[in-house]
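A short write-up of the structure that comes next.
Only the coordinates and a few stated rules stand behind these numbers; no lab work does. What you see is a predicted model; the values in this text were computed from it and never measured. All Cβ positions, glycine included, derive from the backbone under ideal geometry; neighbour counts span all protein chains shown.
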Amino acid sequence: MKEAVKIIITGDTHLGGGRITEFAEQGNANQLFSEFLPLFQEADLSVTNLESPVIDGGSPIEKTGPALKSPVASLGVLKKAGFELVTLANNHIMDYGEPGLQSTLGVCKGIGIDTTGAGRNLEKAKTPFVFEKNGISVAILNIAENEFGTTQGDEPGCHPLDPVKNFYSIKDAQSKADHVVVIVHGGHEHYELASPRMKKTYRFFADAGASAVIAHHTHCPCGYEIYNGVPICYSLGNLLFDLPEQNKSYVSPWNEGLVAELVVSKKNIKISYTPYIQNFGTIGLRKMSGEERRLFDDKISHLNSIIADDEQLESEFEKYCRQSYRMYRGFIEPHSSRLLHALRNRNLAPSLLSDKKKRLLLNLTRCEAHRDVLIKTLTQ
């Protein structure tokens, strides 16, 4: 009888921000990963999401949101910590364009870390990483929601979320391995639940043949479930991600995360989760105290109960959308500034969007045929 294989999957890792960089460049794995080092080093395969390109110098692309990068010298600490694979399908891997991606691929190869989820074209980006040990094979398929870094063809980038095409990728990966693990980078940042769309999509991946679906990107844990025997985690949260504005006097969801431990046999995958605190007070990971663990477990149980109930999940997402209304209204106003945004929020300045314009925007984004053309128009 073949022994089971243990695979560790973790969330977002950014080695170029805040207090992490110095320790990473020094290769100080003990400081950054502390008591979790044995878990990562002793697993048959340890995986993390490399949230930024690894490049010295370079120029950021034109995009919305921050452009992230990490110094070349920082990456070795992941190898030292026991990580053999990094997933690259995320919204930041192309922040420094093709040079950033090529540098990342080259540095990873040079220190013996495998990559998946991004490449010089779509064919390379969608190629799964196949891990084999003890007569058991696992294909890891890495996908990201579409922002500025996904590739649609011959250009470099990461593997895009497209449920129809992803279905065929899962089926193809099934022909190469005993199990397919789909790792998705997507969701609503700082929202501690899946959206109804995410639940439907990730369950669809399970129906398509995935043995497990694991997500990250939201910068907070988002609950999990077992669907028809398939583990689905809607976000692991950050593994290592430090930003100055996140240095608060209390543990926030940004500081919480989950390690997913997959025990893979020929027939199935069993999963367990270990929570931790990252970059709160001292830099790096640490296990939760008794009270922290109790509060966290209670919260996760509550999130999981909402995920299990479609009506509750829809209600919570509608609440989130109402809370996000002002921000998104600011995005679509034809003229906006910090001052105008503040005045509109206080009903001291009118919206420049007429009801007629809102209906037009709704139709352009909701109707699939119009949206296809709109995306092409906006990328010209």
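What is the packing order of peptides 103-109, 316-322, 25-31, taking the mean over residues of other C-beta atoms within 10 Å and listing the highest first? If you can, show how the numbers build up before the last one.
Working: 103-109: 18.7, 316-322: 14.1, 25-31: 17.1.
The densest-packed peptide leads the list: 103-109, 25-31, 316-322.
Sort 337-347, 164-174 by the packing proxy (mean of other Cβ within 10 Å over each peptide's residues), most packed first.
Answer by packing, highest mean first, reads 164-174, 337-347.
What is the set of long-range amide H partners of residue 46 at a cut-off below 5 Å, with H atoms built 1.01 Å from backbone N?
Those lying under 5 Å, H to H, from residue 46 are 8, 84, 85.
³J(HN,Hα) across the range 31-43 via Karplus (A = 6.51, B = -1.76, C = 1.60, θ = phi - 60°), whole Hz, x for Gly/Pro?
5, 6, 10, 6, 6, 8, 4, x, 4, 6, 6, 8, 5
How many nm is it between the label spots at residue 353 and residue 298, if each spot is 7 Å from the Cα in line with the beta carbon?
Going by the 7 Å Cα→Cβ label model, 3.9 nm.
Would you please give the FRET efficiency between residue 273 and residue 364, computed as 1/(1 + (r/R0)^6) with r the Cβ-Cβ distance and R0 = 35 Å, to the nearest 0.05?
For residue 273 and residue 364, the calculated efficiency is 0.30.
Do the sum for the chain: with -39,500 (n - 2.57) for every DSSP H run of n ≥ 4, divided by all residues, what is the mean residue ellipticity at 222 nm, to the nearest 500 deg cm²/dmol?
Working: 14 runs with 138 residues, N = 380.
Using -39500 (n - 2.57) per qualifying helix, the result is -10500 deg cm²/dmol.
Using the Cα atoms of the range 5-310, I'd like the radius of gyration and the largest Cα-Cα distance, Dmax, both in angstrom.
17.7, 51
Past the 20 angstrom mark, what percentage of all C-alpha to C-alpha distances in the range 324-378 do you count? Show your work: numbers first, answer last.
Numbers: 491 of 1485 pairs.
Of all Cα-Cα distances in the range 324-378, 33 percent exceed 20 Å.
For a quick protection proxy, order the peptides 91-100, 65-74 by their average other-Cβ count within 10 Å, most packed first. All intermediate terms of the calculation are to be shown ahead of the outcome.
On the way: 91-100: 23.4, 65-74: 18.5.
Those peptides, ordered most packed to least, come out 91-100, 65-74.
Please report the net charge: other residues with Cβ closer than 13 Å to the Cβ of residue 26, K and R +1, D and E -1.
Working: positive: 19, 80; negative: 22, 25.
Combined, the nearby Lys, Arg, Asp and Glu give 0.
Taking every pair of Cα atoms in the range 99-237, average 1/r, invert it to obtain the Kirkwood radius, and report Rg/Rh to two decimals.
On the way: Rg = 14.8 Å, Rh = 15.4 Å.
For the range 99-237, the value is 0.96.
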